[in-house]
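In what follows, a single structure is set out as structure tokens and then discussed.
We did not get these values from a lab; they are worked out from the coordinates using the rules stated. Every value quoted in this text rests on a predicted model; they were computed, and no experiment measured them. Heads up, the Cβs are rebuilt from the backbone with ideal geometry, glycines too, and the neighbour counts pull from every protein chain shown.
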């Protein structure tokens, strides 16, 4: 039988690396995209010689027009694309008053427009096939706002709205659109995957105390971060399911309780609860 083909963006670390390994083990032909050639070895790490025969690593910067055009030519040469996992992303951190328009644009270029660009490249093939599955890696931040992360939160909220609309548009073509919304996991998005605004954390900032509280909270919570393989298993199950998948899949410790409380509580109570967590 012909192997199914999956495209995974942002494959050099975090969830992307996990997805690449798991889909290879599941018998897929994997097209893994990376932005930096120096990170090719990160993708290959842990991949067996046999698995590597079904792995194609492609250069792609989802924010660069030339890079996107080159990738489009490559995709047009493919016979089929069964699954697209829009995983490439990062976080811009800082307080809204201290952030520039450029930092918000930087965030949206990857987390939203990068998704729309690559999706539009793949859609003609999926429409021709009359089948396909697009899995957009969102975040609990696409459903809940957090202080100090307004660009990231806004980009993920935008991704949620885009995905809802896209799902409705593509239903007649047999193409499913799915959102996966992880909570906090042990990935590099909060280390090398974060752009910290230069003003954040400076003592003269009016938000210095909040910055300190956020850092303490992150350090305290980091020991409870989940294993990315949990998300990998979920995404693989969504891709392989013979049934029509749901629109949203939340995953992570405490995520369902957080969302339940946000929808249950009046905003004033929710606000107090969030701010109280920062002060602990």
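In the frame of its principal axes, region 42-101 has Cα extents of 51, 29, 20 Å, reported largest first. Convex hull volume of the Cα atoms of region 143-186, normalised per residue: 74 Å³. Computed packing ranks the peptides 255-263, 19-27 as 19-27, 255-263, most packed first, by mean other Cβ atoms within 10 Å. Principal-axis analysis of the Cα atoms of the chain puts helix 228-240 at an angle of about 40° to the longest axis. Working from Cα positions, state the angle (0 to 90°, nearest 10) between the long axis of helix 208-221 and the longest principal axis of the chain. Compared with the principal axis, the helix lies near 50 degrees. Relative contact order for region 161-280: 37 percent, from Cα pairs under 8 Å spaced at least 6 residues apart, divided by residue count. The relative contact order of region 1-113 comes to 30 percent, based on Cα pairs under 8 Å that sit 6 or more residues apart. Computed on the Cα trace of region 54-162, the radius of gyration divided by the Kirkwood hydrodynamic radius gives Rg/Rh = 1.03. Model label points for residue 242 and residue 267, set 7 angstrom from Cα along the Cα-to-Cβ axis, are 4.7 nm apart. For the chain, the relative contact order is 19 percent, taking Cα pairs closer than 8 Å that sit 6 or more residues apart in sequence and dividing their mean separation by the residue count.
Axis angle, to the nearest 10 degrees, between helix 14-25 and the longest C-alpha principal axis of the chain: 30 degrees.
Any chance you could list P(r) for region 199-280, counting all Cα-Cα pairs in 10 angstrom bins from zero, rounded to whole %? For region 199-280, the pair-distance distribution reads 14, 30, 31, 20, 6, 1. With all pairs of different C-alpha atoms in the average, the Kirkwood value for the hydrodynamic radius of region 76-138 is 13.4 Å. Considering the chain, its Cα convex hull presents a mean projected area of 15.6 nm².
With the convex hull of the Cα atoms taken as the outline of region 3-124, the averaged projected area works out to 8.0 nm².
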